[in-house]
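The values are calculated or read from the model by the stated rules, or taken from the named source; none is laboratory data. This is a predicted model, so every value here is computed, not measured. Virtual Cβ from ideal backbone geometry, glycine too; neighbours counted across all protein chains shown. Note: accessible area is taken over every heavy atom of the protein model, side chains too, but ligands, DNA and RNA are not part of it. Shrake-Rupley method; radii C 1.70, N 1.55, O 1.52, S 1.80 Å.
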Amino acid sequence: QVQLVESGGGLVQAGGSLRLSCAASGRTFGNYAMGWFRQAPGKEREFVARIGWYGISTFYADSVKGRATISRDNTKNTVYLRMNSLEPEDTAVYYCAATRLLAVATMPNDYDYWGQGTQVTVSS
């Protein structure tokens, strides 16, 4: 089992920045690739970013490419998502998730463990 707890969400003005954190506990954090997803009201959960086991390989959704940076610190069992130039369209609940898959995984079903989510609201 892997337990994931997100933090860092909140209300931010358009154009602002935010850094989300996801703290993991349980099984060896370094054995999991980590992803960030988001879900806006009335919409399906969508992929945002993914980082490989060692933090070298990253992959981003087109919607956030150039504005988002995913990183991880395996010594702290934590994965981060920094978002810049936030837009009202970025408003959603943001979730982190863990997967044992080596290949880049962008579908929610590819992930085994999920956090409870943290709300990000971007005002115009």
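The table for this structure:
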read-out	value
Share of carbon and sulfur in the accessible heavy-atom surface of the chain [1.4 Å probe, %]	49
Protection-proxy order for peptides 55-62, 1-8, 32-39, each taking the mean of Cβ atoms within 10 Å per residue, highest first	32-39, 1-8, 55-62
Under 12 Å, Cβ to Cβ, from residue 111 - net charge with Lys/Arg +1 and Asp/Glu -1	+1
Accessible area per residue, Å², the chain with all protein chains present, probe 1.4 Å	51
Distance between the stretch 67-101 and the stretch 15-45 - C-alpha centres, whole angstrom	5
Neighbourhood charge, 9 Å Cβ-Cβ cut-off, centred on residue 79 and excluding it, Lys, Arg +1 and Asp, Glu -1	0
Ellipsoid equivalent to the stretch 1-78 - semi-axes via the Cα gyration tensor, in Å	22, 15, 13
GluC sites (Glu not before Pro) within the stretch 32-124, DSSP loop, no more than 13 other Cβ atoms inside 10 Å	44
Spin-label model distance (nm) - residue 1 vs residue 46, 7 Å beyond Cα toward Cβ	3.3
In the stretch 51-124, the trypsin sites (Lys or Arg not before Pro) that fall in loop regions by DSSP, at most 14 other Cβ within 10 Å	65, 76
Pairwise FRET efficiency - residue 39 versus residue 11, Cβ, R0 = 22 Å, nearest 0.05	0.80
Label-point separation, residue 58 to residue 109 (7 Å along Cα→Cβ), nm	2.9
